[in-house]
Amino acid sequence: MSKISYDGPILEIDQLSISFFTRLREIPAVMDFSVVVQPGEAVGLVGESGCGKSTVALGVMQDLGVNGHIVGGKIKFKGQDLGKMSAEQLRDIRGNEIAMIYQEPMASLNPAMKVGKQLIEVPIIHEGVSEKEALRRAKEVLIDVKLPDPERILQSYPHQLSGGQQQRIVIAMALMSKPSLLILDEPTTALDVTVEAAVVDLVKDLGKKYGTSMLFISHNLGLILETCDQICVMYSGEAVETGSISDVFDKMQHPYTQALFRSIPLPGADKNSRPLVAIPGNFPLPHERPSGCNFGPRCNYFKDGLCNTQAIPMNKIKGFERHFSRCSRIDEIDWDTPISNSSQFESLPPGDVVLKIDNLKKYYEVAANALFGSSGTYKTVKANETLSFEARESETLAIVGESGCGKSTFAKVLMGLETATDGGILLDNENIGSTPIEARDTQTVADIQMVFQNPFDTLNPSMTVGRQIVRALEVFKYGQSDDERNDRMLQLLDLVKLPRAFATRMPRQLSGGQKQRVGIARAFAGGARIVVADEPVSALDVSVQAAVTDLLMEIQRKEKTTLLFISHDLSIVRYLSDRVMVMYLGHVVELGTTDQVFSPPYHPYTEALLSAVPIADTSIEKKHIVLEGDIPSAMNPPSGCPFQTRCRWKKDVPGSLCETEVPPIKTLDGGHQIKCHLVKSKLEKMEPVIKIAAE
Amino acid sequence: MALFILRRIAIMLFTSLCLTFVVFFLTNLYPNLEKMAKTQGNFRMNDEAVLSFLENRGYLLPLPVKYGEWLGVYPGYVIEGSDGEIRGRCFKSDQIPSEAPRYCGILQGYWGYSTRFKSDVWGIVTTRLGLTGILMFWVMALMVPSALIIGILAGMREGSRTDRSLSTFSIVTTATPEYVSGVILIAVFASSAFGLKWFKGTATAAMDNPNLENFFLPVVTIAIYGMGYIARMTRASMAEVMTAQYIRTARLKGVSFPNIVLKHALRNALIAPFTVIMLQFPWLLNGVVIVETLFNYKGFGWALVQAAGNNDIELLLGVSVVSVFVVLVTQLISDIGYVYLNPRISVT
Ligand SMILES: Nc1ncnc2c1ncn2[C@@H]1O[C@H](COP(=O)(O)OP(=O)(O)OP(=O)(O)O)[C@@H](O)[C@H]1O
Ligand code: SF4
Ligand code: SF4
Ligand SMILES: [Mg+2]
C-alpha cells in the first residue's frame, strides 16, 4: 500500500482518555491527554512507571487488548481518525505507516523464526514486493543499523545475537517500510549504558535520514534531552507539561516537572553542599487519585480550595508558542527561586581502614556444554580478576560498571555467599575471604550487611515488617529481652523515617520505596559497619530514588558506616561517592577519588562511560564517544587488555601491547590508579568529557 | 549427538533386560509352567507327568540358566528325556542334533518358539507388529492433525465460544476410556440398535484388506481417546504463545490474523505438544490391546493377550522386548524433533 500523503501534523492526540475494565472497577489509565507530533519531529514522553506512557503508545496502535478501551478523545494520524478505521485499514497502517519498538528486544522477536524472515515480512505484506527485493532491502537496512555481516545475521535466530544486536534488529524491522511515525517504548532500558548510547545515536541518525517522526517514551530525562525536540511530562495518567525541550528543561512551569529535576542528580548537585530534594509522598494509584490536581498531595505550592476543587485544565503559557502546563497557580509561583534547600552538611573525614581487599580473585568453573554436560570440558569465567583496594570508615566507595563486569560477584564474595578463589578480604586484619557465611561469627555477619536491588523479593511476604526487623536483631544476638529488641526495632523505623505504625504492616501494604527502607533498617539492625548496596534505587521510581538515597547517606553520616555503593548510574555515583572504582570484565580499570575519576586523565573505558550517560541538563556539553560493538562475554574475554576490542585509544599505544599484555596498574598523582598501557603524556592530553557551557 | 544416541540405546538395552527378567521370572513360576504344560500336552496329566514334561523340555533348570539360554549367553540345554528322546533348545525339527548350534538366544537372532502359535516368535512378532503398525498409522493420521487443529483453533482466541466448546469436547474424549467409547461406537454405528450400520463392528477383514468400512471404528476408538489430551496440550501452548510479545510485534507489523497464527504462533506452539504426541505412543499401545481384542483385529495387542493367556513364555518375552524398543525409539525421535523445532536448544 502506498503512503497517505498529508501536510499537517503526523499525529494529533486530542483529549484522549483510556480505561481498562477489570472485574472490580474501571481503571482510568490515561485522562485528557493531548499531544501533537509534527512531521520530522521527535516528541518525548516522560513519566514514572505506571503513569500511562505505554498505554498512550498502544492506544495509538489501537492495540489495547480485550479490556482496554478508548473512552474519550480522538487519535488522528495524518488527519484520519484511527478510532474509526476498520481492522483492515489498521493493518495497512501498522508496520507501514506507524511502527513500534519495545523495551525488551528478545521478547519482541519470534524465537523460532530466522531474523531475515521476520524482516522481509514487512515489505512483502505492505508493498507486495518479491522475496528477493525484500531481502535486498533487509540487507540495506541492516547496514543502516550498523550490524556487521548482514548475510550471517539474516540467517540467525534471535537467541544467537546479543541484546544490543537484537535491539538493532527490532529497529531495522521498524524501519523496513520507512514509516512516517516511529513509537519507541523505553527502547534501551534493557541495555547497558554504552550500548544504549550507540543505539540512541543510531535512532537519532536514522530518524533524520528517513525523516521519520518519533514518539520516544522513557523515564530518563537525560535520554529525552538527547533525542527529542518536544517533551511531554506525564504524571498519573495526565500530561502535566508539554513544550519544547528548552522551554520545559529551562523554564519549567509545573511544580511536578520542577520537583522531578530537583530530585535527579545533575552535575553540580553534591551530597554535602547541594543535596537532592526528594518529592514527598508516593505516586497515587489510578483509582486512588485525589480530587482536583493529581499532584496536589505532593505539591509544595498546594493551595486548599484552588487545587483540590475541580479538574485542572491544560493552560497555555503566555509568551510561548507550544508550551502548556496543567497547574492553576502558574502565574503565582515564582519559578526562578533557587532551591530553598535547607540542610547542608559538613563532609566527614574518612576514618581508619576497615576493609582491605588484597588481590582477590573469583573464578567460576562452568560446563562448556550445558545441555549434555558432564562430558568433561570446563571453562573458567574470571568474574573478578585481582581486586585490591581499601575502604575506610564513613567513606562511600562506588563500584561502577556494566553488566557482567563482576560487581555482584564481588558483593557475594564479600558477604560470604561465595568464597574467594584466591587472595583475601581483610576485615580488621582478619581474612574472611574464604569463610562462607555459615562459618562466620555473628559479629562478622552483623558487621557486613547488604541492601539489595529489588526490594520486592527480599522481604518475607508473610511476616510483619516489625517482626522481620526483630528477627534480624535476634540473628545478630542484639539485646537481652524481647522488649529491648522491640524498642530497638521502633528506633530503627524512626531511623529510616517510617511511621512506627508500620511495624504491624505486611510487606505487600508498602510501596517500593517503603520496602527498600525496611530493607535498609534490617541491614543496619546489627549496627553494620560495612553496608553493600547493590543498585539500591534502580528498581524504584525516579521520584522516590532521591528520598532513599538521601536516607542512606544520612544514616551513613550518623553511624559512620562504610558504604560500598554498586551502580551503573554514573550520575548518582558522582553525587554521593567519595571514591569510585570502575570495573570492566572482572578487572578494576580505574580507581580514585570522585574528582579524579570524573575529570581527565581517564581510563579509556571511563571516558566512554561518561560520554554515554545521558544528562538531563541543557547547559551541559558532552564529548561524543560511541563505542563499537558489545561487551565481550566473560566466558570468552579478549586477550591482553579487556577493553581492547572497543578502545579508541588503542592506536596510541605502540606495537600490539594492548592485544597481548594485560596492562599493569599505573598510579598517578594523588593515588589515582589506571590500568592502561597509555603513557603518561598521552593520558595528560585527554580532554574533559563533560563541560558546562558558558551561560 | 552420537554420544546422546548411544546413551539412549544403553538405557534401552538396560530397560529391556530388566523388563524381560521380570517377565521371565513371572512366567517361570511353577503354577504358570504347570498350566502351560497342561495346555500343551494333555489336560488330564497327573503331577508326575507334568514334572517329566517340563523336565524333558528344560523348563526345570535354574532360572538364571534359562534366562542365559534365552539371551544366548549360556549354551542351550540338551536333555535326554525320560521318554528316551533327546531334546535340545537349539534343535530344529529337521536337523541332526549334532549339527545344532550350541548357543541359541536373542543374541544369535533366535527369538524362541511360541507354544501358543506353534511357530517362531520372530515371525509372529513381525507380522503382528506390521498389522498393528497399519492400525497405528491410521490412528496417528487421524488423531494428530485433528488434535492439533482443535487445539490451535481453541487456543488462538482464548475464552471465545469456539475455545469453550472445543475444550469441553477434548475433556470428554480423554475422560472416556477405549472400552467405553469402543462399545458405544459399535452400538451406534455397527449394530441395529440405531439402524445406522454404517461400519463393521469387527476388523478381522481389515487384516488383509483394510477399508473405511471395516477399519474406521477401531481407528476412531483409539484416536478419539488420545486426541483430547494432545488437543488440550496444544490449546494451552497456543494460548500462551498468543499472549507473547512477539505476537504483538507481528500484529503491529500489520500481519493478518491467519498469518499470525500460521507463520508466527504455530511453530512455537507446537514445541510442547510434539513431545506429548511422541509420549502418547506407549499409551496408544495400551489402547491397542483393548481395541484389537474388542474388534478382533489380530495385531500386536491381540498377540500379547493370547501369549499372556497361555503363558507363552518366549512370545511374551519377545513382545516385551519389542515394546520397550518402540517406546524408547519414539522417545528418541521426540527428543531429536524437539531440538529441531526449538532453535534455542542445540545438541552439539
Ligand atoms: N554462579 C555463577 N556461575 C557461573 N558464572 C557466573 C555466576 N555468577 C556470575 N557469573 C558470571 O560472572 C560474571 C560477572 O557476573 P556479575 O553478576 O557479578 O556481574 P554484574 O556486574 O553484577 O552484572 P549485572 O549488572 O548484570 O548485575 C558474568 O559473566 C556472569 O555470567
Ligand atoms: S494545581 Fe496546585 S497542587 Fe497542582 S501542581 Fe499546581 S500548585 Fe501544585
Ligand atoms: S591498554 Fe590499550 S586497549 Fe586497554 S584501555 Fe589502554 S589503550 Fe585501550
Ligand atoms: Mg548484578
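The values are calculated or read from the model by the stated rules, or taken from the named source; none is laboratory data. A quick note: this is a predicted structure, and the numbers were derived from the prediction, not measured. Note: ideal-geometry Cβ built from the backbone for every residue, glycine included; neighbour counts use all protein chains shown.
A few comments on the model shown:
- Test: A:Ser599 is away from ligand 2 (no atom under 16 Å from the Cβ), surrounded by fewer than 23 Cβ atoms within 10 Å (Cβ to Cβ) and closer than 21 Å to A:Val465 by Cα: no
- Only one of A:Glu321, A:Glu365, A:Glu332 that is in the same structural domain as A:Asp428 (by TED's automatic domain parsing), surrounded by fewer than 12 Cβ atoms within 10 Å (Cβ to Cβ) and either over 27 Å from the mean Cα position of the chain (by Cα) or more than 16 Å from ligand 2 (Cβ to nearest atom) (or both): A:Glu365
- One residue stands out among those in region A:364-389 that are in a strand (DSSP E or B), at pLDDT below 85 and of a type in the set (Ser, Thr, Tyr): the one that is nearest to A:Val353 (Cα to Cα), which is A:Thr386.
- Residues in region A:390-403 that are away from ligand 4 (no atom under 16 Å from the Cβ) and part of a loop (DSSP other than H, G, I, E, B): A:Glu393, A:Ser394, A:Glu395.
- When residues of region A:150-175 are limited to those that are touching a residue at least 24 places away in the same chain (Cβ under 8 Å) and out of contact with any helix residue (DSSP H, G or I) (no Cβ under 8 Å at 6 or more places or on another chain), the one farthest from the other protein chains (Cβ to nearest Cβ): A:Ser162
- Among residues that are surrounded by fewer than 17 Cβ atoms within 10 Å (Cβ to Cβ), in contact with a helix residue (DSSP H, G or I) (Cβ under 6 Å, 6 or more places away or on another chain) and outside any helix (DSSP H, G or I), B:Ala193 is included.
- Within region A:640-667, the set of residues being assigned to a loop (DSSP other than H, G, I, E, B) and of a type in the set (Ser, Thr, Tyr) comprises A:Thr645, A:Ser656.
- Qualifying residue in region A:621-633 (condition: outside the structural domain of A:Ala259 (by TED's automatic domain parsing), assigned to a strand (DSSP E or B) and touching a helix residue (DSSP H, G or I) at 6+ places or on another chain (Cβ under 8 Å)): yes
- Residue satisfying condition, being without any contact (Cβ under 8 Å) to a residue 24 or more places away in the chain and surrounded by fewer than 20 Cβ atoms within 10 Å (Cβ to Cβ), within set A:Asp428, A:Asp457, A:Asp422, A:Asp358: A:Asp457
- Condition check for B:Asn214: surrounded by fewer than 23 Cβ atoms within 10 Å (Cβ to Cβ) and either facing chain A (nearest Cβ under 10 Å) or not in a helix (DSSP H, G or I) (or both): no
- When A:Gly519, A:Gly479, A:Gly466 are checked against the criterion of being closer than 30 Å to A:Gly47 by Cα and among the small types (Gly, Ala, Ser), A:Gly519 stands alone in meeting it.
- Boolean, B:Thr176 is of a type in the set (Ser, Thr, Tyr), in the same structural domain as B:Leu284 (by TED's automatic domain parsing) and modelled with pLDDT of 85 or more: no
- Candidates are the residues of region A:242-254 that are hydroxyl-bearing (Ser, Thr, Tyr) and not in a helix (DSSP H, G or I); the one that is surrounded by the fewest Cβ atoms within 10 Å (Cβ to Cβ) is A:Ser244.
- Checking B:Met233, B:Met242 one by one, the residue that is more than 13 Å from chain A (Cβ to nearest Cβ), out of contact with any strand residue (DSSP E or B) (no Cβ under 9 Å at 6 or more places or on another chain) and not β-branched (Val, Ile, Thr) is B:Met233 and no other.
- So A:Thr257, is it part of a helix (DSSP H, G or I) and either away from ligand 3 (no atom under 16 Å from the Cβ) or closer than 30 Å to A:Thr594 by Cβ (or both): yes
- Among residues of region B:294-313, those that are over 14 Å from the mean Cα position of the chain (by Cα) and surrounded by fewer than 23 Cβ atoms within 10 Å (Cβ to Cβ), counted: 6
- If you go through region A:401-440 and keep only what is within 10 Å of ligand 1 (Cβ to nearest atom) and in contact with a strand residue (DSSP E or B) (Cβ under 7 Å, 6 or more places away or on another chain), you end up with A:Gly401, A:Cys405, A:Gly406, A:Lys407, A:Ser408, A:Thr409, A:Phe410, A:Ala411, A:Val413, A:Glu418.
- Residue within region A:286-303 that is surrounded by 14 or more Cβ atoms within 10 Å (Cβ to Cβ), away from every other protein chain (no Cβ under 14 Å), more than 10 Å from ligand 2 (Cβ to nearest atom) and in contact (Cβ under 8 Å) with a residue 12 or more places away in the chain present: yes
- Any hit, region B:121-143, residues being out of contact with any helix residue (DSSP H, G or I) (no Cβ under 6 Å at 6 or more places or on another chain), within 17 Å of B:Met233 (Cα to Cα) and outside any loop (DSSP other than H, G, I, E, B): yes
- Identity of the residue in region A:516-534, surrounded by 23 or more Cβ atoms within 10 Å (Cβ to Cβ) and more than 22 Å from A:Ile399 (Cα to Cα), that ends up farthest from ligand 2 (Cβ to nearest atom): A:Ala525
- Residue check, B:Ile277 farther than 24 Å from B:Thr27 by Cβ, within 14 Å of another protein chain (Cβ to nearest Cβ) and β-branched (Val, Ile, Thr): no
- Inside region A:494-523, residues that are in contact (Cβ under 8 Å) with a residue 40 or more places away in the chain and in contact with an Asp or Glu (Cβ under 8 Å, 6 or more places away or on another chain) make up a count of 2.
- Failed criterion for B:Asn42 (all others in (1) exposed (fewer than 13 other Cβ atoms within 10 Å of the Cβ); (2) under 29 Å from B:Val324 (Cα atoms) hold): (2)
- In region A:74-114, the residues that are touching a residue at least 24 places away in the same chain (Cβ under 8 Å), within 8 Å of another protein chain (Cβ to nearest Cβ), in a helix (DSSP H, G or I) and within 30 Å of the chain's Cα centre (by Cα): A:Ser108
- Scope region A:617-668; condition of a type in the set (S, T, N, Q), surrounded by fewer than 19 Cβ atoms within 10 Å (Cβ to Cβ) and either over 23 Å from the mean Cα position of the chain (by Cα) or at pLDDT 90 or above (or both); matching residues: A:Asn636, A:Ser639, A:Ser656, A:Thr660, A:Thr667
- In region A:305-314, the count of residues that are within 16 Å of ligand 1 (Cβ to nearest atom), buried (at least 19 other Cβ atoms within 10 Å of the Cβ) and among the aliphatic types (A, V, I, L, M) is zero.
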